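The values are calculated or read from the model by the stated rules, or taken from the named source; none is laboratory data. A quick note: this is a predicted structure, and the numbers were derived from the prediction, not measured. Neighbour counts run over all protein chains shown; Cβ positions are idealised from the backbone, glycine included. Note: areas computed on protein heavy atoms with side chains; ligands, DNA, RNA excluded. Shrake-Rupley method; radii C 1.70, N 1.55, O 1.52, S 1.80 Å.
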Amino acid sequence: PSLSLTVCTGTDMKLLRPSSPESHYETLRHLYQGCQVVQGNLELTYLPADADTAFLKDIKEVQGYVLIAENQVSGLE
């Protein structure tokens, strides 16, 4: 039986500051919720201190680079 993984598309924003921090978080959550393989880059930037990062828990593979920068959140789950 073939193992089917949930694939999602990554981002290519680098350190570009989002126009709206609130919608930026919602966009990241929507992109990566339930995602197991990120086709492209996983960029986690400008997350607020109270951001719930549990939406990242299913990610097993990133085919591009991982960028974690400019965040206020104390840790990632």
At most 13 other Cβ within 10 Å, DSSP loop - chymotrypsin sites (Phe, Trp or Tyr not before Pro), region 14-73: Y65
Nearest-0.05 FRET efficiency for E77 and S4, computed from C-beta distance (R0 25 Å): 0.55
C-alpha long axis of helix 21-32 to longest principal axis of the chain, angle in °: 10
Nearest-10 value in Å² for the accessible area of E70, using the 1.4 Å probe: 100
Whole-percent carbon and sulfur share, accessible surface of the chain, 1.4 Å: 52
The chain: most fluctuating residue of D50, D12, D58 per GNM, C-alpha cutoff 10 Å: D50
With all protein chains modelled, accessible area of V62 [1.4 Å, Å²]: 40
